[in-house]
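Structure first, commentary second.
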Amino acid sequence: MSAVDVLRTPEERFAGLPGYPFEPRYTTLPDGLRMHYVDEGPADAEVVLLLHGQPTWSYLYRTMVARLAQQGLRAVAPDLIGFGRSDKPVDRTAYSVQAHVDWLGQFVGLVGLSDLTLVVQDWGGPIGLGVLSAQPGLVRRVVAANTVLHTADPALAGRLEWPCHAGPDGTITVAQMLLDYQRITQELTPFRPSLFVQGATEWEVSDAVLAAYDAPFPGETFCAGPRQLPLLMGLTPSSECARLNHRTMRALAAFDAPFLTAFSDGDPATRGWAEVLQEHVPGAAGQRHVTVEGAGHFLQEDGGIPLADVVARFVGDSTPPA
């Protein structure tokens with residue numbers, strides 16, 4: 001892509017962000033897009049890949065990155081294309097669920113990551129688990145936290161607090177809150193991720209931290225990625241997202257490596273999915289699944305230390321002795 005088509009947020013926007021002292025690292029994808037990531041902890045340690053969703057970026061994982069590194073793990077937290085310090089195509093048609101899966105898969109290969117512990121939240125689930133589906137053997141274990149894999153499958157009827165499923169007569173049942181969320185992401189001007197973060201956390205977030213969430217988006221032209229992603233949710237069975245999530249669910253039905261759910265107790269948007277995944281994934285059987293108490297949708301913000309400790313314990317418990 002040419003420089004006209006892609007924007008990079010000025011580096012000064014990221015100066016002095018609270019709790020985010022990490023050295024920026026970059027890799028260039030085959031299409032020329034530059035992807036940013038945080039990489040902390042011993043280089044030869046177990047790799048924990050931390051995947052954010054919409055409208056956040058790797059800043060969401062700052063507390064967990066530091067905690068995991070302290071516990072001897074290698075914490076890698078990329079910014080999805082269109083988010084954070086990563087490049088931002090200005091044309092909204094550049095973004096699709098498959099494109100995000102492809103970009104992330106390329107990133108993993110270029111950085112040389114393998115035997116991953118995959119931690120997914122929000123859109124990190126469809127994208128990260130989409131890579132799991134596309135690259136068998138890449139992922140050693142999974143922690144799913146406040147994420148969904150919308151397929152609009154009729155079997156989801158009655159399973160979710162925010163329903164999204166097809167009916168036998170061709171109708172679709174979708175929670176009004178899901179549709180309202182889509183609408184707000186398009187209507188909000190200027191686009192401010194901080195409003196969504198504060199609205200979906202249980203604890204008061206400081207003004208300085210909220211400003212850090214807004215830092216990657218100094219103007220509307222930088223916002224194509226977070227504007228577009230909510231429109232790509234798999235709310236009907238024929239949507240690209242639903243079809244890709246069906247593929248992922250088939251892969252998960254054969255995934256017998258350790259799979260842990262760590263959902264919060266304060267997120268109606270994802271409530272019900274922990275149980276769906278526990279029943280669906282063979283590797284979830286017998287695991288000590290966790291409910292993170294006192295946390296909202298962005299549980300990394302409300303409970304980053306407890307969640308990091310859950311991840312570290314899970315890695316330790318499921319690593320064979322040397």
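Filtering Pro136, Pro163 for residues that are farther than 23 Å from Tyr61 by Cβ, of a type outside the set (A, V, I, L, M) and modelled with pLDDT under 95 leaves a single hit, Pro136. Reported count of residues in the range 295-322, each being touching a residue at least 40 places away in the same chain (Cβ under 8 Å) and more than 15 Å from Arg140 (Cα to Cα), is 14.
Output yes when any residue across the range 75-83 is over 14 Å from Ala312 (Cβ atoms) and either acidic (Asp, Glu) or over 17 Å from the mean Cα position of the chain (by Cα) (or both), and no when none is. Yes: one or more hits. Does Gly130 qualify as being within 27 Å of Pro320 (Cβ to Cβ) and either free of Cβ contacts under 8 Å to residues at least 24 places away in the same chain or of a type outside the set (Phe, Trp, Tyr) (or both)? No. Residue count for the range 104-122 under the criterion of being hydrophobic (A, V, I, L, M, F, W, C) and part of a loop (DSSP other than H, G, I, E, B): the result is 1. Take the residues in the range 184-204 that are touching a residue at least 40 places away in the same chain (Cβ under 8 Å), within 20 Å of the chain's Cα centre (by Cα) and in a loop (DSSP other than H, G, I, E, B); name whichever of them is surrounded by the fewest Cβ atoms within 10 Å (Cβ to Cβ). Filtering first and then ranking leaves Glu202.
The values are calculated or read from the model by the stated rules, or taken from the named source; none is laboratory data. Predicted model only: the values in this text are computed from it and were never measured. In this analysis, Cβ positions are derived from the backbone assuming ideal geometry, glycine residues included, and neighbour counts consider all displayed protein chains.
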